[in-house]
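FYI, it's all coordinate maths here, none of it is from the lab. The model shown is predicted, which means the values in this text are computed figures rather than measured ones. For neighbour counting, all protein chains shown are included, and Cβ atoms are generated from backbone atoms with ideal geometry for every residue, glycine included.
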Amino acid sequence: MREKPDEAANATWSTLDAETVIAYLRRHPDFLADRPEIIACLTPPEFRRGESVLDMQRFMIERLRSEIDLLKLREHKLLAVAEASLADQTRVQAAALAILNAQSFEHLIRLVHAELAAKLGIEAVALCLETGEVTVSGRDLGVVLLKPGALAGYLADGADVVLADDVEGDRAIFGPHAARVRSHAFVRLKFGVKAPAALLAFGSDRREGFHPDQGTELLKFLARVLEVAVRRWLSVAS
């Protein structure tokens, strides 16, 4: 009569003795190192010293210390990320309120050009518009004027947001601030069907101030707030 699986397993285990286990472990010295979870199931021997005695207790303590140190490091990193995220949210909210509280269209453009970077804790912010030939410097108006089709070079493949780290600042976008820009974020702006193509550019003096793996929700939110404010003032002017 064939043994049931459980009975077969029990029979196999019953044939094992201490010498067999010891011989196996000697042939596989990394067995416990590769399977640290097993250590938690073992009863450690009393602390003893001797060349032929394995100090299992010390091994377990060192393993646990390593795991605790790793958990602490992860905790510190998570806290740092959470604190940085909260600080970013606070800055963006302050910038959004300033945009919505602008007293005129001119005040709004001046705010974006001259004050928004400081509120966000970065090097520069630029409002860029595609336009034809002009007789006035765009920067005198608080905006950056680009040739028609230029935005396709900054927002490739129709992307609405592009982030890049460890770059040289684009002088056409950031003007005199370009020398200090080391990372940037470009966000497409949509003011209306008949409005010129537009871009909101953020430049940081930190190499990883903006990076491709970064979340873009706050940047998009601020861009949408600016769109609403611009449309409101343009409708008032018309």
Quiz item: P(r) of region 93-237 in 10 Å steps, Cα pairs, percent per bin?
Solution: 11, 45, 37, 7, 0
Quiz item: What ³J(HN,Hα) values, in whole Hz, does the Karplus curve 6.51 cos²θ - 1.76 cosθ + 1.60 give for region 67-79 when θ = phi - 60°, with x put for Gly and Pro?
Solution: 5, 5, 4, 5, 5, 5, 4, 5, 5, 4, 5, 5, 5
Quiz item: Any idea what the relative contact order of region 93-237 is, in percent, if you count C-alpha pairs under 8 Å spaced at least 6 apart?
Solution: 25
Quiz prompt | Hz values of 3J(HN,Hα) by residue in region 20-34 - Karplus curve (6.51, -1.76, 1.60), Gly and Pro given as x | solution = 5, 5, 4, 4, 5, 5, 5, 6, 10, x, 8, 4, 6, 5, 7
Quiz item: Which of the GluC sites (Glu not before Pro) found in region 202-231 are in a DSSP loop and have at most 15 neighbouring Cβ atoms, other than their own, within 10 Å?
Solution: GLU208
Self-check item: Karplus (6.51, -1.76, 1.60) ³J(HN,Hα), θ = phi - 60°, over region 117-124, in Hz, Gly and Pro reported as x
Solution: 4, 5, 5, 8, x, 10, 7, 7
Self-check item: Low-density loop positions, trypsin sites (Lys or Arg not before Pro), region 165-238 - DSSP coil, at most 12 other Cβ in 10 Å
Solution: LYS194, ARG207
Practice problem: For PHE210, list long-range residues whose amide hydrogen, built 1.01 Å from N in the peptide plane, is under 5 Å from its own amide hydrogen. | Solution: HIS184
